[in-house]
Amino acid sequence: MERKDGPVLGIESSCDETAAAILAPDGRILAERVLSQIADHAAFGGVVPEIAARAHLTALDAMVRDTLREAGLAFTDLAAIAATAGPGLIGGLLVGTGYAKGAAIASGVPYLAINHLEAHALTARLPGMAATPPAFPYLLLLLSGGHSQCVAVEGAGRYRLLGTTLDDAVGEAFDKTAKLLGLPYPGGPALEVFAREGTPNVPLPRPLLHRAGCDFSFSGLKTAVALLVAAEPPGPLSRQRAANIAASFQAAVTDILGDRLEHALAMCPDATAIIIAGGVAANTAIRTRLALVAATVGKPLIAPPLRLCTDNAVMVAWAGLERLAAGFSSTLDAPCKPRWPLEAISNLAPTPVIPAKAGIPDTPDHGSHRFPLSRE
Ligand code: KG4
Ligand code: ZN
């Protein structure tokens, strides 16, 4: 089938945000919706996968129909329906991809299985993110609750993982540390605000600082905070002491990320820009440090607005448009992949765009059905 030029619907349901968005072929956002499930999970202090999956199931259909109505479109007007197929929580992935495949079959529109990390990686090229879209290669620093990765983005579908976390993701470290300090969930933003009351005068380790490469490690830092808190006299921590620990933790993470970025730049000297994404990229201290490192090497730091930095469906639809333009498509038997490292989708040949009504062809989808070993 000839590729139809037209808008793309994106669906995101890999963690605790349900989101749908429709983008015009040139990347203009025609409609977008995001529903955060934070309130559903707050009582448990973290994301509960089954609650997340049910919440996606409840919200998604009405949300997609809202976006179609706002864009003045029907499913049959779409050039493709793109859904996050991994990495993420399997229940949510099944809800989003199942919905997308069903709609694709019913309306004869191609389906695209999108890698969530690729969607973060390509957001910087969305029109309006920078004066001119960054040319390949550029560096992506993905700092979220589920991922800490440094990736050389060499093209749509071409990624080189430079470093990843060896244990906790950076957002996870913020959340766990915040919990130790008695701060509410999600801990990252709460810790940032609380740290302003403190002085970073508590010595804490900076795992892997100055170590070769740009891998990250945060669990030792979190454990150091746990040991500090445990060594305090019985009873609640004084507010000032807790704020000092929060400020010291944030300073340690900031030092680590600044150092890792320096190493990543050395590993990809021809990078045209540095892109930061993920919820932790909202942290002002961290942003400021990363901007400083970028300025030192004379490269622009692009930080998409927060709503496009955290999980959203605009990035999924945009990755769909980029994939379509590059000639990639997915078959309807493309599986959900809870673990799906970016390297696994690199250097695979584009496959022809497949109309959903043609059934399930033999051509492989853009990812492998076997999961390569991931370091995360
Ligand atoms: O990208 P994101 O919204 O999605 C998931 O990973 O699901 O990232 C959420 C993470 C959480 O761990 C949250 O605590 C952290 O980003 N976060 C922050 C800040 N805002 C969100 N961490 C530090 N400082 C912040 N201002
Ligand atoms: Zn994400």
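The values are calculated or read from the model by the stated rules, or taken from the named source; none is laboratory data. Keep in mind that what you see is a predicted model, and the values were worked out from it rather than measured. Please note: Cβ atoms are built from the backbone with ideal geometry, for glycine as well, and neighbour counts cover all protein chains shown. Side chains included, ligands, DNA and RNA excluded: accessible areas come from the protein's heavy atoms. Shrake-Rupley method; radii C 1.70, N 1.55, O 1.52, S 1.80 Å.
Check Gly128 against each of (1) within 16 Å of ligand 2 (Cβ to nearest atom); (2) open to solvent by 10 Å² or more (accessible area, probe 1.4 Å); (3) not hydroxyl-bearing (Ser, Thr, Tyr) and name the one condition it does not meet.
Among (1) within 16 Å of ligand 2 (Cβ to nearest atom); (2) open to solvent by 10 Å² or more (accessible area, probe 1.4 Å); (3) not hydroxyl-bearing (Ser, Thr, Tyr), the lone unmet condition for Gly128 is (1).
Report yes if Ile90 is more than 16 Å from ligand 1 (Cβ to nearest atom) and more than 21 Å from Asp26 (Cβ to Cβ), otherwise no. Give the derivation first.
On the way: more than 16 Å from ligand 1 (Cβ to nearest atom): no; more than 21 Å from Asp26 (Cβ to Cβ): yes.
Considered against the rule, which asks whether it is more than 16 Å from ligand 1 (Cβ to nearest atom) and more than 21 Å from Asp26 (Cβ to Cβ), Ile90 comes out as no.
Picking from Gly235, Gly258, Gly279, which residue would you name as being more than 16 Å from ligand 2 (Cβ to nearest atom) and open to solvent by 10 Å² or more (accessible area, probe 1.4 Å)?
Criteria check complete, one pass: Gly235.
Taking region 338-376 as the region of interest, how many residues are modelled with pLDDT of 90 or more and hydroxyl-bearing (Ser, Thr, Tyr)?
0
The rows are residues; the columns are (1) among the small types (Gly, Ala, Ser); (2) under 18 Å from Ser329 (Cβ atoms); (3) over 24 Å from the mean Cα position of the chain (by Cα); (4) outside the structural domain of Leu162 (by TED's automatic domain parsing).
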{"residue": "Ala83", "(1), (2), (3), (4)": "yes, yes, no, yes"}
{"residue": "Gly86", "(1), (2), (3), (4)": "yes, yes, no, yes"}
{"residue": "Gly92", "(1), (2), (3), (4)": "yes, no, no, yes"}
{"residue": "Lys101", "(1), (2), (3), (4)": "no, yes, no, yes"}
{"residue": "Ile114", "(1), (2), (3), (4)": "no, yes, no, yes"}
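Cβ contacts < 8 Å: first residue of a type in the set (D, E, K, R), restricted to region 207-222; second residue open to solvent by less than 40 Å² (accessible area, probe 1.4 Å), any location; separation 6+ or different chain. Result?
From residues that are of a type in the set (D, E, K, R), the pairs are Asp215/Gly163; Asp215/Thr164; Asp215/Thr165; Asp215/Leu208; Asp215/Arg260; Lys222/Asp168; Lys222/Ala173; Lys222/Thr177.
Looking at (1) in contact with a helix residue (DSSP H, G or I) (Cβ under 8 Å, 6 or more places away or on another chain); (2) within 16 Å of ligand 1 (Cβ to nearest atom), which one does Glu172 not meet, given that it meets all the others?
(1)
Within region 167-181, can you find the residues that are within 16 Å of ligand 2 (Cβ to nearest atom), open to solvent by 10 Å² or more (accessible area, probe 1.4 Å) and under 15 Å from Ala195 (Cβ atoms)?
Asp175
For region 30-53, check the following and say yes or no: at least one residue is surrounded by 17 or more Cβ atoms within 10 Å (Cβ to Cβ), away from ligand 1 (no atom under 15 Å from the Cβ) and within 18 Å of the chain's Cα centre (by Cα).
Yes; the residues of region 30-53 include at least one that is surrounded by 17 or more Cβ atoms within 10 Å (Cβ to Cβ), away from ligand 1 (no atom under 15 Å from the Cβ) and within 18 Å of the chain's Cα centre (by Cα).
Only one residue in Arg206, Arg196 is surrounded by fewer than 15 Cβ atoms within 10 Å (Cβ to Cβ) and either within 12 Å of ligand 1 (Cβ to nearest atom) or closer than 15 Å to Ser148 by Cβ (or both), so which one is that?
Working: Arg206 fails: surrounded by fewer than 15 Cβ atoms within 10 Å (Cβ to Cβ).
Sole residue among the options that is surrounded by fewer than 15 Cβ atoms within 10 Å (Cβ to Cβ) and either within 12 Å of ligand 1 (Cβ to nearest atom) or closer than 15 Å to Ser148 by Cβ (or both): Arg196.
Looking only at region 20-49, how many residues end up being over 28 Å from Asp175 (Cα atoms), assigned to a loop (DSSP other than H, G, I, E, B) and touching a residue at least 24 places away in the same chain (Cβ under 8 Å)?
4
Among the numbered criteria (1) out of contact with any His (no Cβ under 6 Å at 6 or more places or on another chain); (2) assigned by TED's automatic domain parsing to the domain that holds Glu343, which single criterion is violated by Leu126?
Unmet for Leu126, out of (1) out of contact with any His (no Cβ under 6 Å at 6 or more places or on another chain); (2) assigned by TED's automatic domain parsing to the domain that holds Glu343: (2).
Would you mind stating whether Ala152 is touching a residue at least 40 places away in the same chain (Cβ under 8 Å), of a type in the set (A, V, I, L, M) and touching a strand residue (DSSP E or B) at 6+ places or on another chain (Cβ under 6 Å)?
Considered against the rule, which asks whether it is touching a residue at least 40 places away in the same chain (Cβ under 8 Å), of a type in the set (A, V, I, L, M) and touching a strand residue (DSSP E or B) at 6+ places or on another chain (Cβ under 6 Å), Ala152 comes out as yes.
When residues of region 261-276 are filtered for being open to solvent by 20 Å² or more (accessible area, probe 1.4 Å) and touching a residue at least 24 places away in the same chain (Cβ under 8 Å), how many remain? Even if it seems obvious, please write down each step before you answer.
Within region 261-276, the first condition is being open to solvent by 20 Å² or more (accessible area, probe 1.4 Å), and the residues that meet it are 262-263, 266-267, 269-270, 272.
The next check asks that each one be touching a residue at least 24 places away in the same chain (Cβ under 8 Å); those that pass are 262-263, 267, 270, 272.
Looking only at that region, the number is 5.
Name, by its number, the condition in (1) open to solvent by less than 60 Å² (accessible area, probe 1.4 Å); (2) within 16 Å of ligand 1 (Cβ to nearest atom); (3) at pLDDT below 95 that does not hold for Pro184.
For Pro184, the exception is condition (1).
Where in region 236-337 are there helices (runs of 4 or more DSSP H), lying fully within it, with 2 or more residues that are modelled with pLDDT of 95 or more and within 16 Å of ligand 1 (Cβ to nearest atom)?
239-267, 284-296, 314-325
Identify, please: which residue in region 137-166 is of a type in the set (A, V, I, L, M) and within 16 Å of ligand 1 (Cβ to nearest atom) and is, among those, surrounded by the fewest Cβ atoms within 10 Å (Cβ to Cβ)?
Leu142
So Lys101 passes all but one of these: (1) among the basic types (Lys, Arg); (2) within 15 Å of Glu17 (Cβ to Cβ); (3) buried (at least 19 other Cβ atoms within 10 Å of the Cβ). Which condition number does it fail?
(2)
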